[in-house]
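Before any comments, here is the structure.
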Amino acid sequence: MKNSILATIVITGLMIAACPAQKKVTNVGTTSAPFLEIGVGARAIGMGGAFVATANDITAMYWNPAGLGDLHTFQTIYIHTNWLADISFDYAGLIIPLQNIGTLGLNITMLNMGDMDVRTVDYPDGTGERFSATDMAIGVSYGFNLTNRFAFGFNLKYIHQQIWKEQARGFAIDIGTMYDTPFEGLRLGAALTNFGTDMRMTGNDLLVYYDSDAYNSGNNDKIITELKTDSWPLPLNFQLGAALDFLSTETHLFTFEADAVHPLGNSESMHLGLEYGFKKQIFLRAGYRNLFLQDSEENFTFGGGIDLNIIENMRFGLDYAFADFGRLENAQRFAIILKF
């Protein structure tokens, strides 16, 4: 047990050290690939995003890959989210147990803003052309138990963003730990996400003609030149949480979790979440996001789900979550999980 506590302290300390100190002025709008901050899973969002110390389903690949170490069945998931401004957000994943050496996972995240009209100063109503903007992340996860109380995991991912003919690429890693304390029902979790390369847009639409000497009519006034955009860091985030099963019987399970969040692109805040399970088949959830964060549009969440045995050795799960975004209305999530 002493080794587990020491490992938890050391790894958590390294995660905190990897997060730059925040100034009073926030860094809102100064990170790339913001789609990586959209929470995955109707269950976790129903609990307000307070999930790093619970993370006991396939969405652990996003929230805390250390949670994969305790998953010993094949699982698949598909999540669809009606995101803000008619944006479509989808996530799919698969985990494969590797007997006594941990659990492997594969996941893909897609965000699609749909087709839009190309508008210019000369053609404000549109040129007749259409363009699209899409984001994608492909990840490989692995989680395992170092001891019967301490777990570790990571998620390596390739990130790609595209706006018409411009694109940016990057790589990142998520690292997580989880500790099942000697106090009955109390778990601690920590996750550092999106630690990786800066991203910069490049592409054919950044190629322009340049006249190096506009006052000389005899020179070449159409030198092909590339406009260079700035590089921006990924939305690095550190999340530390504690979860408590304060009622755990064969019929009822109440879980409360509180997470502290330290993002690169915003100020610190807290997420609070509550889940009630009836016979491990029917679930109700509620949560509150971004407690103590000024000017936040996100706050209350709620949801529910079922987890039923449909045929021998196969379970079907369906989860739903509703998140209030204030002036931006709301976002709803649906998740389908198969376990076999």
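The values are calculated or read from the model by the stated rules, or taken from the named source; none is laboratory data. Please read these numbers as outputs of a predicted model, since none were measured by experiment. Reconstructed Cβ throughout: ideal geometry from the backbone, glycine too, with neighbour counts over all protein chains shown. Heads up: the accessible areas ignore ligands, DNA and RNA and are worked out on the full protein's heavy atoms, side chains in. Shrake-Rupley method; radii C 1.70, N 1.55, O 1.52, S 1.80 Å.
Which residues does a label at PHE292 reach in segment 222-256, if reach means a backbone N under 20 Å from a point 7 Å past the Cα toward the Cβ?
236-244, 256
Restricting attention to the alpha-carbon atoms of segment 114-247, what are Rg (one decimal) and Dmax (integer), both in Å?
Spelled out, the Cα radius of gyration and Dmax of segment 114-247 are 24.4, 84 Å.
Relative contact order, percent, of segment 237-303 when contacts are C-alpha pairs under 8 Å separated by at least 6 residues?
Details: 144 pairs, mean separation 16.1, N = 67.
Once divided by the residue count of segment 237-303, the mean separation gives 24 percent.
Over segment 34-180, with a single point scatterer placed on each C-alpha, what log10 of the ratio I(q)/I(0) does the Debye formula yield at q = 0.08, 0.18, 0.21 1/Å?
The Cα Debye sum returns log10 ratios of -0.28, -1.00, -1.25.
How long is segment 197-325 along each principal axis, judged by its Cα atoms, biggest number first, in Å?
That works out to 87, 41, 25 Å along the principal axes.
Mind ranking LYS228, LYS279 by accessible surface for me, highest first, 1.4 Å probe?
Numbers: LYS228 165, LYS279 110 Å².
Sorted descending by solvent-accessible area, the residues read LYS228, LYS279.
Which of LEU264, LEU94, HIS160 sits closest to the plus end of the dipole of the chain, meaning its Cα is farthest towards the positive end, when Lys and Arg get +1 and Asp and Glu get -1 on the C-beta?
LEU94
Could you work out the Rg to Rh ratio of segment 30-79, with Rh taken as the Kirkwood radius (inverse of the mean 1/r over all Cα pairs)? The partial results should precede the final answer.
Working: Rg = 11.7 Å, Rh = 11.7 Å.
My calculation puts Rg/Rh at 1.00.
Taking the chain, how many lysine pairs are there with alpha carbons less than 25 Å apart, if each pair must be eight or more places apart or span two chains? List each step's numbers first, then the result.
On the way: LYS157/LYS165; LYS157/LYS339; LYS165/LYS222; LYS165/LYS228; LYS279/LYS339; LYS280/LYS339.
Lysine pairs, 8 or more places apart or on different chains, close enough: 6.
Sort 91-101, 260-270 for me by packing, meaning the mean count of neighbouring Cβ atoms within 10 Å per residue, highest on top.
Values: 91-101: 15.6, 260-270: 19.8.
Ranked by mean Cβ neighbours within 10 Å, highest first: 260-270, 91-101.
Peptides 159-169, 298-308, 114-124: what's the order by average Cβ count within 10 Å, highest mean first? Intermediate results must be reported in sequence, preceding the final value.
Working: 159-169: 16.9, 298-308: 19.1, 114-124: 10.4.
My ranking of the peptides, most packed first, is 298-308, 159-169, 114-124.
Can you give the FRET efficiency to the nearest 0.05 for ASP115 and TYR78, using r as the Cβ-Cβ distance and R₀ = 22 Å?
Efficiency, rounded to the nearest 0.05: 0.40.
Out of these labelled values of semi-axes √(5λ) of the Cα gyration tensor in Å, (i) 41, 22, 19; (ii) 62, 21, 19; (iii) 51, 26, 17, which was calculated from the coordinates shown here?
Calculated semi-axes √(5λ) of the Cα gyration tensor in Å: the matching label is (i).
Using only the alpha-carbon atoms of segment 288-340 as identical scatterers, what base-10 log of I(q)/I(0) does the Debye formula give at q = 0.20, 0.23, 0.30 Å⁻¹?
Here log10 of I(q) over I(0) equals -0.72, -0.82, -1.08.
Nearest 10 degrees is fine. How inclined is helix 2-18 to the longest principal axis of the chain, computing both from alpha carbons?
Between the helix axis and the principal axis of the chain, the angle is about 20 degrees.
Take segment 178-260, drop everything but the C-alpha atoms, weight them equally and run the Debye formula without solvent; then report log10 I(q)/I(0) at 0.14, 0.16, 0.25 Å⁻¹ to two decimals.
-0.72, -0.80, -1.13
In whole percent, and with a 1.4 Å probe on the protein chains, what portion of the accessible area of the chain is carbon and sulfur? Don't skip to the answer; put the middle values down first.
Values: 10790 of 18000 Å².
Here carbon and sulfur together make up 60 percent of the probe-accessible area.
Might you tell me the accessible area per residue for the chain, computed with a 1.4 Å probe and given in Å²?
Numbers: 18000 Å² over 340 residues.
Heavy-atom accessible area per residue stands at 53 Å².
For THR249 and ASP122, calculate 0.36 nm times their separation in residues minus their Cα-Cα distance, and state this gained length in nm to one decimal. Intermediate results must be reported in sequence, preceding the final value.
Details: separation 127, 0.36 × 127 = 45.72 nm, distance 6.84 nm.
Contour length minus Cα-Cα distance gives 38.9 nm.
Please give the charge dipole size of the chain, origin at the Cα centre, charges +1 on K and R Cβ atoms and -1 on D and E Cβ atoms. Round to the nearest 20 debye. Don't skip to the end; give the middle numbers.
Working: 22 positive and 36 negative charges, 216 e Å.
Dipole of the chain, to the nearest 20 debye: 1040 debye.
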